[in-house]
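Read-outs throughout are calculated quantities, based only on the coordinates presented, and are distinct from any laboratory measurement. Not measured: the values here are computed from a predicted model.
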Amino acid sequence: MPEWPYVLAGLLVMFAVTLLLRAAPFVLLGRLRESGLLRFLAATMPAGVMVILTVYTVRNVPLSGAGPTAVGLLATLGLHLWRRNALLSIVAGTGAYVLALHLL
């Protein structure tokens, strides 16, 4: 078993690295707050991420069984455009998909 100074040194190093890694994003973002690139990414990334997730989700759906998927996607998109509420859109779209899956 290692001696206590060795263990203490290891713990102190882990503490310092963890603290630095947790503080680094706040320090870096404080300097970039006025950056045009950061504003552009904040405006475009949410929609881009949703498009990528949607394409990834439906990429293997065969056209013969695309009815329930289309119903779910249209319900989610329509509700989100109407109400702008992500939770409502996701829950109702999932419900529409499950309902269409059982009815179609």
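Please compute the contact order of the chain in relative form: average sequence separation of alpha-carbon pairs under 8 Å and at least six residues apart, divided by the residue count, as a percent.
On the way: 40 pairs, mean separation 20.2, N = 104.
Answer for the chain is 19 percent.
Under 4 °C and 1.567 mPa s, how fast does the stretch 45-104 diffuse according to Stokes-Einstein, given a Kirkwood radius computed over C-alpha pairs? Answer in µm²/s, whole number.
Numbers: Rh = 11.9 Å.
My calculation gives 109 µm²/s for D.
Over all projection directions, the Cα-based convex hull of the chain averages an area of 12.9 nm².
What percent do you get for the relative contact order of the stretch 45-104 when only Cα pairs under 8 Å and 6+ apart count? Numbers along the way, then the final one.
Details: 39 pairs, mean separation 20.6, N = 60.
So the answer I get is 34 percent.
Taking Phe40, Phe26, Phe15 as the candidate residues, the one with maximal mean-square fluctuation in a Gaussian network model of the chain, Cα springs under 10 Å, is Phe15. Each stretch of four or more DSSP H residues adds -39500 (n - 2.57); spread over every residue of the chain, this sum gives -29000 deg cm²/dmol at 222 nm.
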